[in-house]
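*Asks:* One structure coming up, written as structure tokens, with questions to follow.
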Amino acid sequence: MDRTISYVEAVREATDQEMERDASVILFGLDVDDPKAIQGTTRGLAQKYGPERVFGTPLSEDAMTGVAIGMSLAGLRPIHVHIRMDFLMLAMNQLINIAAKSRYMYGGQVHLPLVVRSMIGKSWGQGAQHSQALHSFFMHVPGLKVAAPTTPYDAKGCLIEAIRDDDPVMYVEHRILHFQKGPVPEPTYTVPPGKARITVKGKDVTLVGISYMQVECLRAQRYLESGGIQAEVIDPIWLSPLDGETIAESVRKTGRLCVVDNGWMTCGAAAEIVAQVTERLQGAREVRVRRMGFAPVTCPPTPSLENLFYPNARTIASAAYDLVKGSAQGWLPEERTDLREIEFRGPF
Amino acid sequence: MHDRFYRSLYRIRRVEEEIIRVYPTDKIKSPVHLSIGQEAVSVGVCEALRADDVVFGSYRSHAVYLAKGGDLKKMIAELYGKATGCAKGKAGSMHLVDAAHGVMGASAVVGTTIPHAAGYAYALKLRRKDSVVVSFFGDGGADEGVFYESLNFAALKKLPMIFICENNSYAIHTHQLCRQPTANIAERARVFGVPAERIEDDVLRVHERVGAAVKALRAGEPGPFFFECLTYRWKEHVGPNDDFHLGYRTREEADPWMKNDQVKRLAGLLEADQRRRIESEVEAEIQAAFAFAEESPFPDGSELFTDMFK
């Protein structure tokens, strides 16, 4: 696996290859055909497949989600792109009341092969309505699958899997991950739901990092190493269905679990993962747990406050250190510039 | 033609009267939003459609479902919550579906299926098909933002679809003019460049005008078309009863609509023999459908977890 490409290119390539393979795949959303082409993830596709299969839409998230549902009822496989996850709030009726429920409430007569791509923002003053990671909303509702790939490899494999899936998939991208590079095979392949990936082996504490927080967990693992602690790092990849088993097996070994979400903690993905692991291990293994995520406030744009809003590698390492030691140690590793540019490497 | 229209109108009316008759037994375990009084819209529209055309509806969709060819036995079994229902007891009255006959679903949330019709129409256009899509919604649907977004998109992409606004003047108990500054729903569609007209409660007129629109769409003329069909709900918003005692509307307001009953009107256009034959056939069919529902089993407990994903 020699070829290294960016997350953006991986998303673009997956879309291109699936549109080439299957004429029923179509792509639309605000600005998918404009010069910026959604960070480049849709670049060239309007030219290649024409304006009927790739088109920018009116600013009508609610109706356009319903349009995607109607298209999928008619046998198309739409990919609906939202440059901000925050905008999905305008589409919740269609997503929750129809997309999630149609197969069931129509007794299996219909199904909706629908992909909804949405992006989470961070930094540069994104602020209250350009930073929200609301994947847990969608995990809560039966009938939706949720993928939050971290690496370019998983970005391509999950998107192809999502497009080929006969049911609705929420595909969550973090804008900062768009810049990441990593090994990606050129031929198509899928990364199916239900299998988390252990990204670093360890024995002392299990770190689960969701979406962008996987990167911070990988950095935290290196900090912990310098503190004499071997962390095991897990990327869930798919949040729904969630591979609780792989995480629980890791915690059975380590006895300590720190779940770092790129989102709020209350009723969140981290809470769900902690609950699933403790349900599995109760009575069999004593477990110490910790959730980390957004501060329980609205995201502030000013850097001095925004830096405090997010967990980072050092605060994660500090929390994991305390879990291992069993009490607050006040250990916070010195910042290391060599960990800033962690990139994803195989093999997978 | 009149015999076909009468059969469909009479069948819908009688099915719902049977629902009313059975309802106090509590065998129908589903809220019912009856179409009685509004049959002419569904029948006039659906008689202009082919089997491969599709319709999307609201929670008040018994009439649309039946007029489009939805299976009667499966509908009644669905209302009874039986395994033989159109959705195996998972839809109830508000989400009737019969994809094989082009009834693509109905939503309890007002206005929700309007964009589904637009999306389906987009797919038909992309695939160069000559079938059409009809979206049924009420004057309450025209309160919703998604109505305007869908109208905008359908007009922008010139989609082969027909908007049918069944204006019965009320959203639950609130009159249109308490929710909208002017009663001009058809006019609003024209602002988007969509040909639109308002039609009185007349099944033959609905059929003629919608039929012309369907013909135009099949010939490749740009869509969509829009019809505001004036109609009146005779029964309460939900349930089997009259509701004039509530005071939000009067019996006097309803009288002219009831006098203009399209079921009776079409009955009068048929020979007595022909009418009686249709009626006895429909009665037998209805009796068989209710018997089928009564005799059918409830779904097995294992059905709780089926139909979530492929």
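The values are calculated or read from the model by the stated rules, or taken from the named source; none is laboratory data. Because the structure is a prediction, the values reported are computed rather than measured. FYI the Cβ positions are ideal-geometry reconstructions off the backbone, even for glycines, and counts take in every protein chain you see. Calculation scope for accessible area: heavy atoms of the full protein, side chains included, ligands and nucleic acids excluded. Shrake-Rupley method; radii C 1.70, N 1.55, O 1.52, S 1.80 Å.
*Asks:* It is to be established whether one or more residues within region A:189-203 are small (Gly, Ala, Ser), part of a loop (DSSP other than H, G, I, E, B), more than 14 Å from chain B (Cβ to nearest Cβ) and more than 20 Å from A:Arg84 (Cα to Cα).
*Replies:* Step one: list which residues in region A:189-203 are small (Gly, Ala, Ser), which gives A:194, A:196, A:202.
Imposing the further condition that a residue be part of a loop (DSSP other than H, G, I, E, B) reduces the set to A:194, A:196, A:202.
After this cut, where a residue has to be more than 14 Å from chain B (Cβ to nearest Cβ) as well, the list is A:196, A:202.
From what's left, more than 20 Å from A:Arg84 (Cα to Cα): A:196, A:202.
Within region A:189-203 (the criterion being small (Gly, Ala, Ser), part of a loop (DSSP other than H, G, I, E, B), more than 14 Å from chain B (Cβ to nearest Cβ) and more than 20 Å from A:Arg84 (Cα to Cα)), the answer is yes, since at least one residue qualifies.
*Asks:* Now a separate question. Exactly one condition in (1) of a type in the set (S, T, N, Q); (2) away from every other protein chain (no Cβ under 14 Å); (3) free of Cβ contacts under 8 Å to residues at least 40 places away in the same chain is not met by A:Gln126; state its number.
*Replies:* Result: A:Gln126 passes all but (3).
*Asks:* Do we have any residue at all in region B:177-200 that's open to solvent by 30 Å² or more (accessible area, probe 1.4 Å), closer than 30 Å to B:Gly92 by Cβ and at pLDDT 95 or above?
*Replies:* The first filter runs over region B:177-200 and keeps only residues open to solvent by 30 Å² or more (accessible area, probe 1.4 Å), leaving B:177-179, B:181-184, B:187-188, B:190-193, B:195, B:197-198, B:200.
Of the ones still in play, those that are also closer than 30 Å to B:Gly92 by Cβ are B:178-179.
When the remaining residues are screened for being at pLDDT 95 or above, the result is B:178-179.
Within region B:177-200 (the criterion being open to solvent by 30 Å² or more (accessible area, probe 1.4 Å), closer than 30 Å to B:Gly92 by Cβ and at pLDDT 95 or above), the answer is yes, since at least one residue qualifies.
*Asks:* Could we say that A:Ile83 is of a type outside the set (Gly, Ala, Ser) and either touching a Cys at 6+ places or on another chain (Cβ under 6 Å) or on the phi > 0 side of the Ramachandran plot (or both) here?
*Replies:* On the way: of a type outside the set (Gly, Ala, Ser): yes; either touching a Cys at 6+ places or on another chain (Cβ under 6 Å) or on the phi > 0 side of the Ramachandran plot (or both): no.
Judged against the criteria, A:Ile83 is not a match.
*Asks:* Could I ask something else about it? Which of the residues spanning region B:156-189 are under 27 Å from B:Ala99 (Cβ atoms), within 12 Å of chain A (Cβ to nearest Cβ) and not basic (Lys, Arg)?
*Replies:* Matches in region B:156-189: B:Leu159, B:Pro160, B:Met161.
*Asks:* Tell me which of these A:Ala99 doesn't satisfy, since it passes every other one: (1) buried (at least 24 other Cβ atoms within 10 Å of the Cβ); (2) facing chain B (nearest Cβ under 8 Å).
*Replies:* (2)
*Asks:* Sticking with this structure for a sec: Does A:Arg77 satisfy the criteria of being away from chain B (no Cβ under 14 Å) and open to solvent by 10 Å² or more (accessible area, probe 1.4 Å)?
*Replies:* Working: away from chain B (no Cβ under 14 Å): no; open to solvent by 10 Å² or more (accessible area, probe 1.4 Å): yes.
Judged against the criteria, A:Arg77 is not a match.
*Asks:* Within region A:52-71, take every residue that is over 25 Å from the mean Cα position of the chain (by Cα) and among the charged types (D, E, K, R) and give me the one that is farthest from the other protein chains (Cβ to nearest Cβ).
*Replies:* A:Arg53
*Asks:* Can you name the residue in region B:282-310 that is open to solvent by 40 Å² or more (accessible area, probe 1.4 Å) and within 13 Å of another protein chain (Cβ to nearest Cβ) and, of all such residues, is farthest from B:Asp26 (Cα to Cα)?
*Replies:* B:Lys310
*Asks:* Let me ask something else. Would it be correct to say that A:His130 is open to solvent by 10 Å² or more (accessible area, probe 1.4 Å) and either modelled with pLDDT under 95 or among the aromatic types (Phe, Trp, Tyr) (or both)? Explain how you work it out, then say what you get.
*Replies:* Working: open to solvent by 10 Å² or more (accessible area, probe 1.4 Å): yes; either modelled with pLDDT under 95 or among the aromatic types (Phe, Trp, Tyr) (or both): yes.
Yes: the conditions hold for A:His130.
*Asks:* Could you give every pair whose Cβ atoms fall below 6 Å, whose first residue belongs to region B:129-149 and is more than 10 Å from chain A (Cβ to nearest Cβ) and within 14 Å of B:Val55 (Cβ to Cβ), and whose second residue is crowded, with 24+ Cβ neighbours inside 10 Å and polar (S, T, N, Q), counting only separations of at least 6 or pairs across chains?
*Replies:* B:Phe137/B:Ser58
The rows are residues; the columns are (1) of a type in the set (A, V, I, L, M, F, W, C); (2) farther than 17 Å from A:Met19 by Cα; (3) at pLDDT below 95; (4) crowded, with 22+ Cβ neighbours inside 10 Å.
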position	(1), (2), (3), (4)
A:Thr151	no, yes, no, yes
A:Ala155	yes, no, no, yes
A:Asp167	no, yes, no, no
A:Tyr189	no, no, no, no
A:Pro192	no, yes, no, no
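*Asks:* List every residue pair whose Cβ atoms lie under 7 Å apart, where the two residues are 6 or more positions apart in sequence or sit on different chains, the first residue falls within region B:18-33 and is more than 18 Å from B:Ser107 (Cα to Cα) and open to solvent by 40 Å² or more (accessible area, probe 1.4 Å), and the second residue, located anywhere, is among the hydroxyl-bearing types (Ser, Thr, Tyr) and part of a loop (DSSP other than H, G, I, E, B).
*Replies:* If the second residue must be among the hydroxyl-bearing types (Ser, Thr, Tyr) and part of a loop (DSSP other than H, G, I, E, B), the pairs left are B:Lys27/B:Tyr80.
*Asks:* Also, quick follow-up: Would you check if there is a residue in region A:330-344 being surrounded by fewer than 17 Cβ atoms within 10 Å (Cβ to Cβ), among the acidic types (Asp, Glu) and not in a loop (DSSP other than H, G, I, E, B)?
*Replies:* Yes, region A:330-344 has at least one match.
*Asks:* A follow-up question, please. Starting from region B:257-270, keep only residues that are closer than 18 Å to B:Ile199 by Cβ, then list their pairs with residues that are open to solvent by 60 Å² or more (accessible area, probe 1.4 Å) whose Cβ atoms are within a distance under 8 Å, requiring at least 6 positions of separation or different chains.
*Replies:* Cβ pairs passing all conditions: B:Leu266/B:His2.
*Asks:* May I pose another question? Regarding B:Thr231, is this residue polar (S, T, N, Q), within 30 Å of B:His173 (Cβ to Cβ), open to solvent by less than 10 Å² (accessible area, probe 1.4 Å) and at pLDDT 95 or above? Even if it seems obvious, please write down each step before you answer.
*Replies:* On the way: polar (S, T, N, Q): yes; within 30 Å of B:His173 (Cβ to Cβ): yes; open to solvent by less than 10 Å² (accessible area, probe 1.4 Å): yes; at pLDDT 95 or above: yes.
Yes: the conditions hold for B:Thr231.
*Asks:* Looking only at region B:261-281, filter to residues that are outside any helix (DSSP H, G or I) and either in contact with a Gly (Cβ under 9 Å, 6 or more places away or on another chain) or open to solvent by 60 Å² or more (accessible area, probe 1.4 Å) (or both); which one of those is farthest from B:Tyr232 (Cα to Cα)? Lay out the reasoning, then the answer.
*Replies:* Of the residues in region B:261-281, the ones outside any helix (DSSP H, G or I) are B:261, B:269-271.
Applying the additional criterion that residues be either in contact with a Gly (Cβ under 9 Å, 6 or more places away or on another chain) or open to solvent by 60 Å² or more (accessible area, probe 1.4 Å) (or both) yields B:261, B:269, B:271.
Working: B:Asp261: 10, B:Leu269: 22, B:Glu271: 28 Å.
Ranking the qualifying residues of region B:261-281, first place goes to B:Glu271.
*Asks:* Out of all the residues in region B:90-135, which are out of contact with any Leu (no Cβ under 9 Å at 6 or more places or on another chain), closer than 22 Å to A:Gln94 by Cα and open to solvent by 20 Å² or more (accessible area, probe 1.4 Å)?
*Replies:* B:Lys90, B:Met94, B:His95, B:Ala108, B:Val109, B:Val110, listed by residue number.
*Asks:* Another one. Select from region A:31-51 the residues that are within 20 Å of A:Gly70 (Cβ to Cβ) and either under 21 Å from the mean Cα position of the chain (by Cα) or not assigned by TED's automatic domain parsing to the domain that holds A:Leu159 (or both) and list them in ascending order.
*Replies:* A:Val32
*Asks:* Please go through region B:79-102 and pick out each residue that is in contact with a Phe, Trp or Tyr (Cβ under 9 Å, 6 or more places away or on another chain) and more than 7 Å from chain A (Cβ to nearest Cβ).
*Replies:* Initial filter on region B:79-102 (in contact with a Phe, Trp or Tyr (Cβ under 9 Å, 6 or more places away or on another chain)): B:80-84, B:86-87, B:89-91, B:93-99, B:101.
Selection gives B:Tyr80, B:Gly81, B:Lys82, B:Ala83, B:Thr84, B:Gly89, B:Ser93, B:Met94, B:Leu96, B:Asp98, B:His101.
*Asks:* Here is a follow-up. Identify, please: which residue in region B:245-260 is outside any loop (DSSP other than H, G, I, E, B) and among the basic types (Lys, Arg) and is, among those, least open to solvent (accessible area, probe 1.4 Å)?
*Replies:* We begin by selecting, within region B:245-260, every residue outside any loop (DSSP other than H, G, I, E, B); these are B:245-246, B:251-259.
This time we only want the ones that are among the basic types (Lys, Arg), so: B:251, B:259.
Values: B:Arg251: 103, B:Lys259: 169 Å².
Ranking the qualifying residues of region B:245-260, first place goes to B:Arg251.
*Asks:* Would you pick out the residues in region B:69-78 that are more than 11 Å from every other protein chain (Cβ to nearest Cβ) and open to solvent by 20 Å² or more (accessible area, probe 1.4 Å)?
*Replies:* Matches in region B:69-78: B:Gly69, B:Asp71, B:Lys73.
*Asks:* While we're looking at this one, here's another question. Being open to solvent by less than 60 Å² (accessible area, probe 1.4 Å) and either modelled with pLDDT under 95 or not acidic (Asp, Glu) (or both) narrows it down to one residue among B:Ile162, B:Ile172; which is it? Let's see the steps before the verdict.
*Replies:* On the way: B:Ile172 fails: open to solvent by less than 60 Å² (accessible area, probe 1.4 Å).
So the residue among B:Ile162, B:Ile172 that is open to solvent by less than 60 Å² (accessible area, probe 1.4 Å) and either modelled with pLDDT under 95 or not acidic (Asp, Glu) (or both) is B:Ile162.
*Asks:* When B:Val41 is evaluated against the numbered criteria (1) crowded, with 24+ Cβ neighbours inside 10 Å; (2) within 22 Å of B:Ala272 (Cα to Cα), which criterion, by number, is the only one it fails?
*Replies:* (2)
*Asks:* Something else about it: What about B:Gly239, is it within 30 Å of A:Gly107 (Cα to Cα) and in contact (Cβ under 8 Å) with a residue 24 or more places away in the chain? Break it down into steps so the answer makes sense when it comes.
*Replies:* Numbers: within 30 Å of A:Gly107 (Cα to Cα): yes; in contact (Cβ under 8 Å) with a residue 24 or more places away in the chain: yes.
So B:Gly239 passes the test.
*Asks:* Can you tell me which of B:Gly111, B:Gly119, B:Gly105 is under 29 Å from A:Ser24 (Cα atoms), within 14 Å of the chain's Cα centre (by Cα) and facing chain A (nearest Cβ under 7 Å)?
*Replies:* Numbers: B:Gly111 fails: facing chain A (nearest Cβ under 7 Å); B:Gly119 fails: within 14 Å of the chain's Cα centre (by Cα).
The match here is B:Gly105.
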